[in-house]
1. Show me the strands (runs of 3 or more DSSP E) entirely contained within region B:350-418 in which 3 or more residues are at pLDDT 95 or above and surrounded by 14 or more Cβ atoms within 10 Å (Cβ to Cβ).
2. Residue by residue through region A:73-111, note down the ones that are assigned to a loop (DSSP other than H, G, I, E, B) and either polar (S, T, N, Q) or within 12 Å of another protein chain (Cβ to nearest Cβ) (or both).
3. Residue by residue through region A:60-72, note down the ones that are within 21 Å of A:Ala92 (Cβ to Cβ) and either assigned to a strand (DSSP E or B) or more than 8 Å from chain B (Cβ to nearest Cβ) (or both).
4. Give me a count of the residues in region B:236-256 that are modelled with pLDDT of 95 or more, under 29 Å from B:Ile365 (Cα atoms) and of a type outside the set (S, T, N, Q).
5. Could you go through region B:321-334 and let me know if any residue there is closer than 20 Å to B:Gly267 by Cβ and not polar (S, T, N, Q).
6. Test A:Tyr20 against the stated conditions and say whether it is aromatic (Phe, Trp, Tyr) and away from every other protein chain (no Cβ under 12 Å).
7. Looking only at residues that are closer than 22 Å to A:Val67 by Cα and in contact with a Gly (Cβ under 9 Å, 6 or more places away or on another chain) in region B:156-178, which one is farthest from the other protein chains (Cβ to nearest Cβ)?
Amino acid sequence: MKRELICVACPLGCTVTVEYNDEEILSVTGNTCKRGEAYAKTEITNPTRSLTSSVKVNGGVLPVVPVKSSKPVPKSMLFDCMKVINSVTVDAPVKIGQVIIENILDTGADIIATNND
Amino acid sequence: MLNYDLVVVGGGPAGMAAALKAKECGVDSIIVLERAEALGGILEQCIHTGFGLHYFGEELSGPEYAAKFIEQVEKTDITVKTDTMVLDIDGNNLVTAVNKADGLLKIQAKAIVLAMGCRERPRGALEISGTRASGIMTAGTAQKYVNLDGYMPGKKVVILGSGDIGLIMARRMTLEGAEVKVVCELMPYSGGLTRNIVQCLDDFGIPLKLSTTVVETHGKDRLEGVTIAQVDEKLQPIESTKEYIECDTLMLSVGLIPENELTKNVGIGIDRITNGAVVDEMRQTDHKGIFACGNVLHVHDLVDYVTLEAQIAGKGAADYILGKCDNEPCYVNTTTGNGVRYLVPQKVNINNKEAVKLYFRVGRIYKNAKVILECDGKIISSKKKVKLAPGEMEDVVIPADVLAGMTPESSIVVRVEE
């Protein structure tokens with residue numbers, strides 16, 4: 001089988017062609033870096049996405065602080081992760097890099113703050 | 001009156017990088033004037049990731065990217081005044097600004113870097129009939145509501161324009177539980193990055209309708225729906241394709257306009273395509289000692305390129321202040337050839353000893369085309385490109401030895417060949 005993908009690993013957006021069968025990935029072409037190859041492989045086997053959102057803050061300068069997943073989470077679990085993120089409130093002060101939710105839904109990804117508040 | 005060697009107008013990514021570079025180059029007194037309450041500019045509300053891959057080699061969110069520069073600025077003796085609005089710059093590099101703490105400020109600068117960024121094209125600039133119902137806003141305004149203020153501006157959303165902010169907001173609203181019904185794009189191609197179409201629309205099954213626009217809004221107090229229609233080659237709506245879509249929010253992502261009121265006040269020449277100043281390779285405008293960089297010069301799609309450009313301007317300003325710049329420049333204009341909409345810089349000093357990178361955008365989508373740099377009728381470089389799109393900035397380098405061989409009568413042309 002053959003699938004043409006647009007790599008989302010970075011803003012360049014290379015068109016990558018993946019050839020695969022039921023057992024394995026046979027070839028990845030069209031990528032211009034290693035990240036593209038890795039992206040194409042996971043996109044066929046287990047697509048993942050970085051997740052960014054915001055979490056409510058008590059007593060901060062702003063009412064919310066932005067967060068991101070420390071690594072991509074399975075695409076199919078994005079909305080489940082959002083439910084968890086939206087149920088959380090943290091107290092100020094929040095520091096950039098602070099872990100807000102550890103190992104969200106056993107994905108192995110932490111939800112971490114991406115700004116100070 | 002205050003005296004500073006360098007005044008930087010704007011404390012976003014461009015302003016911070018320019019100030020830091022000037023400091024590194026040995027400029028003593030630098031002040032950054034920022035309209036918002038904190039440094040960082042628009043990055044503060046861009047909480048998605050994808051920033052910094054080129055510059056830092058890691059994928060950061062907007063606030064993280066900004067924080068790296070804010071920390072560096074804080075480590076220097078660069079003066080920062082936030083909540084400060086620059087009102088005017090006169091022909092003698094005298095800057096007038098105002099804030100609550102100081103009142104009216106007069107600052108005499110040796111050099112100025114303009115880094116005011118851009119703003120979104122508003123509804124008023126489009127010809128959409130309808131009432132002034134609430135629920136119609138630019139995508140950037142919606143982004144501020146959701147990401148900084150923490151509230152949702154609507155539940156059923158139509159987005160007009162497929163610029164990157166619109167695409168990013170389509171995903172953001174969807175993740176927060178809203179239903180994004182459609183993204184309409186007037187042109188036959190998207191103005192956003194391909195990756196954003198994939199991960200913001202395709203991932204969530206949000207349709208992108210090309211050659212389609214919003215022709216009417218409905219609702220008195222709150223938006224109740226919009227009428228969309230396909231457009232013909234002349235971009236005129238086709239009556240028979242009209243379709244009503246129920247929605248409570250219409251987001252506009254229909255282009256960014258460099259914010260050049262101050263620039264125009266000084267009388268600096270503006271490029272009518274970029275809507276930014278005409279600059280040389282150091283990003284100096286036609287007014288000596290005034291430099292411009294970032295989105296106020298031309299709208300960028302990646303902040304990484306803003307940083308690099310701001311560093312050029314920061315170095316240029318430093319050279320000017322320290323008396324190191326060429327007082328008798330010999331300029332050759334850069335010329336747009338077939339397929340190229342604009343080029344920055346618009347002119348190059350051929351006394352310059354270093355290679356010069358030209359940034360440009362194409363006018364439409366090209367597949368398997370060549371980007372050709374032609375100097376004095378000779379092809380200097382021909383680079384194959386699988387794809388060229390108006391939404392993605394491209395670059396081409398004029399090698400130093402080519403510049404060295406030029407005369408004031410020389411020509412520099414960049415064109416696309418299919």
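1. Values: elements: B:356-362, B:366-375, B:378-388, B:394-398, B:412-417.
Once the strands (runs of 3 or more DSSP E) in region B:350-418 are filtered for at least 3 residues that are at pLDDT 95 or above and surrounded by 14 or more Cβ atoms within 10 Å (Cβ to Cβ), what remains is B:356-362, B:366-375, B:394-398, B:412-417.
2. Correct list: A:Ser87, A:Val94, A:Lys95, A:Ile96, A:Gly97, A:Gln98, A:Asn103, A:Thr107.
3. Listed by number, the residues that qualify are A:Gly60, A:Val61, A:Val64, A:Val65, A:Pro66, A:Val67, A:Lys68.
4. Looking only at that region, the number is 8.
5. Yes, because at least one residue in region B:321-334 is closer than 20 Å to B:Gly267 by Cβ and not polar (S, T, N, Q).
6. Details: aromatic (Phe, Trp, Tyr): yes; away from every other protein chain (no Cβ under 12 Å): yes.
Considered against the rule, which asks whether it is aromatic (Phe, Trp, Tyr) and away from every other protein chain (no Cβ under 12 Å), A:Tyr20 comes out as yes.
7. B:Gly166
Okay, residues lined up against (1) within 14 Å of chain A (Cβ to nearest Cβ); (2) within 20 Å of the chain's Cα centre (by Cα); (3) closer than 14 Å to B:Pro13 by Cβ:
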| residue | (1), (2), (3) |
| --- | --- |
| B:His54 | yes, yes, yes |
| B:Asp83 | yes, no, no |
| B:Val86 | no, yes, no |
| B:Asn92 | no, no, no |
| B:Val98 | no, no, no |
| B:Leu105 | no, no, no |
| B:Ile112 | no, yes, no |
| B:Ala115 | no, yes, yes |
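The values are calculated or read from the model by the stated rules, or taken from the named source; none is laboratory data. Since we're looking at a predicted model, the values are computed, not measured. Reconstructed Cβ throughout: ideal geometry from the backbone, glycine too, with neighbour counts over all protein chains shown.
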